[in-house]
Each structure stands twice: as structure tokens, then as C-alpha cells.
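Engineer: One structure, as C-alpha cells, below. Some questions next.
The values are calculated or read from the model by the stated rules, or taken from the named source; none is laboratory data. For clarity, every value in this text was computed on a predicted model and none was experimentally measured. Cβ placement follows ideal geometry from the backbone for every residue including glycine, while neighbour counts extend to all protein chains displayed. Each accessible area value is taken on the protein alone, full model and side chains, heavy atoms only, with ligands, DNA and RNA left out. Shrake-Rupley method; radii C 1.70, N 1.55, O 1.52, S 1.80 Å.
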Amino acid sequence: MKKNRAIAILLCIFVVLAGVTYIDIAGTDADGSGSASDINLGLDLAGGVSITYQVVGEEEPSATDMADTIAKLQKRVEGYSTEAIVYQEGSDRINIEIPGVSDANTILQELGRPGALYFISQTDPDGNINYSQQSVQNADGTYGIGYVLHKPIEQLLEDGSILVQGTDVGSASAGTIQTNMGSEFVVSLTMTEEGTAKFTQATQNAFDKNESLAIYYDGNIISAPSVNAVITDGSAQISPMESYERAESLASTIRIGGLRLELEELHSKVVGAQLGVEAIDTSLKAGAIGLVIVMVFMIVVYLLPGVASAIGLLAYVALVILLLNGFDMTLTLSGVAGIILSIGMAVDANVIIFARIREELAAGKTVRNAVKIGFDKALSAIIDGNITTLIAAGVLLWLGPGTVKGFAQTLALGIVLSMFTALVVTRYLLYAFYALGLKSEKLYGMGKEHKVLNILSRKAVFFGISVAVIAAGFIVMGVNKAGGGDALNYSLEFKGGTATTVTFQEAMTLEKANADVVPFIEEITGSAVQIQTVQDSNEVIFKTTSLNIDQRTKLNQMFVDKFGVAENMITSETISSTISDEMKSDTIIAVVVAIVFMLIYIRIRFSDIRFGVSSIVALLHDVLVVLAFYAAARVSVSNTFVACMLTIVGYSINATIVIFDRIRENMRSMTHKDDLREIVDKSITQTMSRSIFTSLTTFIMVAVLYILGVTSIRDFALPLMVGIICGAYSSICLAGSLWYLLRIKFVPKKKEK
């Protein structure tokens, strides 16, 4: 019976893996894309729509108004994709890039014209009708009942029919309320301080005349709610809405129509991928090679359990691909790198479990009991380590800006799936192998008693090394700043730069532009180059750091001389950073809140705040060391910088929690206070194999990615390798020592008694 059940389990897993493989192969199109083509890809991998808006009505908009408009537009376009970006171009233009879409007209129709929102009275001061319900033609050609204006908007502004405009709206959001008839979907509006007085007068006029108050946006009346009371506090609700989606759509339209600046479309185009097929191919190849190396490593080190973990890894990769598609996530190149990295981290739980199984076998347990006890004892360390990282991912999803949310989604998905494959798939595979007759202890390995390392006795040396490295990093940043540059090597995502649009005589592919054009640009500008091709045209956009007049002149002449481009076919615009100050502050706030929540969780789980403080200090140590490496090696600080630092945060806290979990377990057998130093050293020694092997498997994945990857991926992988080494070092050499010092310095009250 057991054998049949085991065979059934193995067959089910085989069928799932085979099915996924078949779907991937069968879904491959003629152009080489497969089931992965169903996954939403970011601008760097798949391109998308680029729309440029021009400010109208103002010759020179203020920097504050431009920044406010960009921030609000960023929130709006994140509804299409978390990876959408908005940035300033020149002094009065705003550019929006939305990945994964190819119909610019649809996007333009849905976005409309920002800053064109008005609240219109049903009648003017003389009693003339401003709008009425009529039969109107819909966009799809059908007819329905809608509202039609009887006067031009300019006349309505002059005769006093418009008292409230979009800039008077502070916020608009969709929600639900409870009524006597049940729940209703509503749109809640909050006016600005100035808008509250205007809205009071507008609702007073409408209420006295028993009229509606139309909301006009970009040429159409989008809603005409009746006014049931005079609203004096600036807070109103539009209800009932037929659905939450309709309420959210109306609220979103009001938000974008309420922008301070009025914008009109200057031009739109479909841009190609920034990195191209080569970047995807090399990353996937790196992932496949790294996966095979990790699987072989696990099998060689852990024998039969290693085989189970290898099959679990395959299941993990298959599930990641399926769920990325199922949850409609947007995948960028840093996301691909994150998934490849998570393959290395996915074996972490297996390493903890297998080490426990070997310990139980060494203690004389049978194979079946050793497997059961091994999983049971490893459970708390796995749960605590992964939940702390999951807390960070959850807070980043809640508070982080769009690009960080995309990373957080991938991180959360990887954590949940790695726990599932380790605790469920691997467990039942081992039971299945046992039921099939593979019961020899030799197949599972036998734990050995290792000599306890004297980590605490060398704590002063370890602390000194860490302080010296971090201090050196700050010194290097100061030297860089004093030399007239930036403390770190910021890319154009952080600093902005120059976008040069060139119309060649013939179509230019991304690969050809990289090979033939980029070397000349780099020679003139001395900066890295980002490329975007434009669909159905010969246009190519080259983005570099900010260029002076001399550099622009040389660049234009190079295009004329080397590629025969007409000079009037070359345009240059200064572009702002795509990572705004608001996005930076949102990220910092999200990370701080995540750390606070992690501290609270560790305090609850470990009943000792010292564990939490020590783990956070070790985490900050790793971040500062990697920051020092960025400064010293002058690695480009691009949009992957945030992903890199967040990965290190998750990786570091996970590694430290495993050691603390073992300290907590061993403390239960303490007999007197003199055992504390020995307990810490013993716990670090017992978890040493986990710390080394997990770091090694993760390092292998990232190293292969660095060797095979494109430049932007290397800028992500190199600091990450430093972070992995640093994370292992801080977990082994610093975290336990920090806790020990806090423990003897701040003795628990029970101990004092």
C-alpha cells in the first residue's frame, strides 16, 4: 500500500514536470518565443509604448508643478504595469513609458489629456441648459444614452458655469459603503482647502435648483451625479457605482484630470526592448547552467536527499514560470536575475533539513524516524527565516514604489514556493524513496561531530575588520565627492541625462546599434549608453549621461560622418531621472518599516529583543559593506541597485535567523550561566554547513550569471556576490557575538532573580 502510494506520488510529480516541459516546448512560436511569451515583460526585455506630453497654457512651468505632475502620473500608469516609468524631458515635456503593450492609441484614449477636468453646473447663471442626456455613439460604434454639452468649454468658463476644476480636487478613491439596501460601490472625493469653498458654492447652486453637477474630462462628460445636499466640508461621495472596477476607473480619471498642469500629446511610439533577445538568452542560459551545477552539488554532498532536492528544484522552477504567468506579474531583467538567484536560495531549507537528518542518524535513529524528526526540528528555523523575509516583501508591496513592488512580488513568490517545495515536495519524495526500498543509512549520509569553533574569542578581530571596511567605504565616498564627482557612480536612472533621437537611412536593430554605434558614442561621451529602437521606423533613441554643448556637437557630427545621417534628423533633449526623489523616499520608508516589523516578529517568536537587535545590526553591516564596494569599485548605481540591496536584506536576515534558532534550541539544555559562551559557539558550529553550503549554491548561481550576463546584469551580480560573502561572514562571525554581548550586558530579569 505504502509502495503504491509512493509510486503514485513520484508519477504525479513526473507528470507535472513533463506537462510543464511540454507546454513550454509546444508553446514555442516560430520566432523562438515560448510559454514565457505569455509573461508580462518590462521595457528592458520587451519594450512598450512611449508617450510624450507637452505642457499647454504655460510657457515655463515651475519645477514644483512638473514634479507634482510626474508623481501623480507615475501612480496612474502603475495601473498598467508596476514597471511603468514617468520622467521629464526638456523643460516642459513629460515622457511616459509603459512596458508590455503595443497599442499606443488605446493607452492614449484611456489616459486622455491630463489636467482637463471640470465640474459643470447643469444650467448657467441665466438659466440656460449647459448639457443634457441624449443618444450618443459609443467608441465601438453602438449607441447609448450619454450627456452632451451645448456650449464650448471656453464659454462655460467665461459665464460662470464652471466653479470647480480638477486642481481643486485633493484626492479621489474607490470604495464601498454600507446602506439599508446593502453595500454600494462609491467614489470618495476630497477637495483642497481652496476647492472646499468653491465646491460649497457649486453644490449650493445645484441643490437649490435640484440639478446635477457634471464631471467633464477631456472632451466628454464622464459622470453627472445629482446633488442631494450642500457639501461644506469638502468631502463628497459619488454613488451608487455599478461595480468596483467602474468606481476605480472614475476615481483614476478624476485623479489624472486633476493635475495642476494641462498636457496634450506631442507624439507617441512603440519602442523596442532596451536589452534585446541576447540578454534574455544569456540570462536563461546562465540559469540553466547554474541550476545543473547546484543540482549536481546537492546530489554529491547529500546523496539520496540531494536527488530529492534536485527534483524539488525542477518543480520550483516550473511553478515559478507558471505562477508568474498566472499572477500577471511584469518581469524585468533584474527580476530574471532575482529568480535565478532564488534558485540558489531555494536549497537553503533543504540544507537545513538534511543536516538535521544526518544529526539524527548519527544519534542512532532509524532512517524513517531521522527523516521525520529532521523535518520537525528544521521547521521553526525555516519558518522564522522565511517569514522575516516575507515580511520585508509584504511591506515593500504595501509601501514601495512601482519598480520595487515588481521586485517584491517576485521575492514573495520565490519565498512561498521554496518553502512549499522544501517542506512538501522534498518530504514526500524522501518518504517515497524509503517506501520503494531505499532504506540504507549510507544513502542518506551520517552526521559527524565537529570540533566547536572558538568564534566568540575572536569577536574583537571580527568587529575591527567590519568597522575598518565600512569606514574605508565612507572615506572613499568622501574622496569621490571632494574630487568634484558623486559619492557613488550614479547612472542616468538616478541623475538623468541626454536622450538623442537619430533617424538613420535604414532600419537599425538593437544588436547592430550595440555593435556599430555604441562604441563611438562611448568614446565621445565617456558614459554607458541605453538604446531604444522605435517600431516601424528607422528611429533609434540613445540615452547617455548629461552632455555639454561640445559633446552634443561632436556626437551629431559623428552620426553625420560615420552613418550618413542628415543633421536635421538628429534631436537631443535633456531628460530627468526615472527614479524620482519621491520613489527614493518611498523605498527608504518601506525598508525602515520592514525592519521594524521584522524586529517585532523576532521579539514575539524568540521572546528576546536582543535577537532582533543583533540580526538588524548584522543586516545593516552587510548593506554598508556592499555600499562601500559600490563606492570603491565605481559600479554603476542603476535601477538594479535597489533590487540588489533588498536581496541582501532578505538574504542576510534569513541566514542570521537560522543561527539564532539553533542558539534558542540549545539554550533549553543550559544548566548554568557559564554555558552561554559555549552554547553560542556550539550553535554557530552546528549551523556552519548550512551557512557555507547555502552561500556557495547561491554564489554559484550569481557567478554564472556574472560570467555570461550582459553589462547591466553584471552590475547587479558583482555587488550581489560581495553581499553573499558578506552575509555568510556576518552570520557566522558577528551576529552570535553581538547577541552574546547584549545578553551579558543586559541580563534578563529572570536571570537576575
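Engineer: Starting from the Cα-Cα distance between residue 155 and residue 596, subtract it from 0.36 nm times their residue separation and give me the gain in nm to one decimal.
Structural biologist: Details: separation 441, 0.36 × 441 = 158.76 nm, distance 5.56 nm.
Taking 0.36 nm per residue and subtracting the Cα distance, the gain is 153.2 nm.
Engineer: Next question. So what are the three principal axis dimensions of the chain from its Cα atoms, in whole Å, longest to shortest?
Structural biologist: 97, 76, 58
Engineer: Then there is this: For the chain, report the accessible area per residue in Å² (1.4 Å probe, heavy atoms, rounded to an integer).
Structural biologist: Working: 33940 Å² over 753 residues.
Solvent-accessible surface per residue comes out at 45 Å².
Engineer: Using a Förster distance of 35 Å, how high is the FRET efficiency between residue 244 and residue 398, based on the Cβ-Cβ distance and rounded to 0.05?
Structural biologist: My answer for the efficiency is 0.95.
Engineer: Once the other residues with Cβ under 13 Å from the Cβ of residue 695 are scored (Lys, Arg +1; Asp, Glu -1), what is the net sum?
Structural biologist: On the way: positive: 690; negative: 348, 622.
Result for the local shell: -1.
Engineer: Would you mind checking the stretch 47-73 for residues with the amide N under 12 Å from a putative spin-label position 7 Å along Cα→C-beta of residue 546?
Structural biologist: none
Engineer: Per DSSP helix of 4 or more residues, -39500 (n - 2.57); summed, then divided by the residues of the chain. What does that give at 222 nm, rounded to the nearest 500? Before the final figure, lay out the partial values.
Structural biologist: Values: 26 runs with 425 residues, N = 753.
Taking each H run of at least 4 residues, the total per residue is -19000 deg cm²/dmol.
Engineer: Considering the stretch 347-422, what Rg and Dmax in Å follow from its alpha-carbon atoms?
Structural biologist: 16.0, 53
Engineer: Using 0.36 nm per residue, how much length does the chain from residue 327 to residue 511 gain when fully extended, once their Cα-Cα distance is taken away? It would help to have the intermediate numbers written out before the result.
Structural biologist: Details: separation 184, 0.36 × 184 = 66.24 nm, distance 3.15 nm.
Roughly 63.1 nm would be gained on extension.
Engineer: According to a simple spin-label model (label point 7 Å from Cα along Cα-to-Cβ), what is the distance in nm between residue 148 and residue 436?
Structural biologist: With each label point 7 Å from Cα toward Cβ, the separation is 7.5 nm.
Engineer: What FRET efficiency do you get for residue 229 and residue 522 if R0 is 56 Å and r is their Cβ-Cβ distance, rounded to the nearest 0.05?
Structural biologist: Details: r = 65 Å, r/R0 = 1.16.
Computed FRET efficiency for residue 229 and residue 522 comes out at 0.30.
Engineer: Test of understanding: what is the full-extension gain from residue 714 to residue 126, defined as 0.36 nm times their sequence separation minus their Cα-Cα distance?
Structural biologist: Details: separation 588, 0.36 × 588 = 211.68 nm, distance 6.94 nm.
So the extension gain works out to 204.7 nm.
Engineer: Please express the shape of the stretch 474-519 as an equivalent ellipsoid: the semi-axes are the square roots of 5 times the eigenvalues of the C-alpha gyration tensor, given largest first in whole angstrom.
Structural biologist: Values: eigenvalues 247, 26, 14 Å².
Value: 35, 11, 8 Å, ordered largest first.
Engineer: Which shape class, rounded, prolate or oblate, goes with the stretch 603-646 when its Cα gyration tensor gives a ≥ b ≥ c as root eigenvalues, a/c under 1.5 marks rounded, and past that a/b bigger than b/c marks prolate?
Structural biologist: Details: a/c = 7.51, a/b = 2.57, b/c = 2.93.
Verdict is oblate for the stretch 603-646.
Engineer: Of 744, 575, 85, which is farthest towards the positive pole of the chain's charge dipole, taken about the Cα centre with +1 and -1 on the beta-carbons of Lys, Arg and Asp, Glu respectively?
Structural biologist: Checked the options; the winner is 744.
Engineer: Could you name the aspartates and glutamates whose alpha carbon sits less than 12 Å from that of residue 377, not counting residues in the same chain fewer than 8 places away?
Structural biologist: 359, 360, 661, 665
Engineer: Over the chain, what is the relative contact order in percent, taking alpha-carbon pairs closer than 8 angstrom and at least six residues apart? Working shown, then result.
Structural biologist: On the way: 1258 pairs, mean separation 115.2, N = 753.
Normalised by residue count, the contact order of the chain is 15 percent.
Engineer: May I pose another question? Once label points are set 7 Å from the Cα along Cα→Cβ at both residue 725 and residue 264, what is their separation, rounded to one decimal in nm?
Structural biologist: Going from the residue 725 label point to the residue 264 one covers 5.9 nm.
Engineer: Run the reach check for residue 365 against aspartates and glutamates, Cα to Cα strictly under 15 Å, same-chain hits fewer than 8 apart removed. What comes back?
Structural biologist: Within reach: 376, 441.
Engineer: Rounded if a/c is under 1.5, else prolate if a/b beats b/c, else oblate: with a ≥ b ≥ c from the C-alpha gyration tensor eigenvalues square-rooted, which is the stretch 449-495? Kindly include the intermediate steps, with their values, before the conclusion.
Structural biologist: Details: a/c = 7.87, a/b = 2.67, b/c = 2.95.
Oblate is the answer for the stretch 449-495, as a/c is 1.5 or above yet b/c matches or exceeds a/b.
Engineer: Now a separate question. With a 1.4 Å probe and every protein chain kept in, tell me what percent of the accessible surface of the chain is carbon plus sulfur.
Structural biologist: Working: 19570 of 33940 Å².
That share works out to 58 percent.
Engineer: What number, in percent, do you get for the relative contact order of the stretch 591-705 if the mean sequence gap of Cα pairs under 8 Å and at least 6 apart is divided by its residue count? Kindly include the intermediate steps, with their values, before the conclusion.
Structural biologist: Values: 51 pairs, mean separation 21.7, N = 115.
Across the stretch 591-705, relative contact order equals 19 percent.
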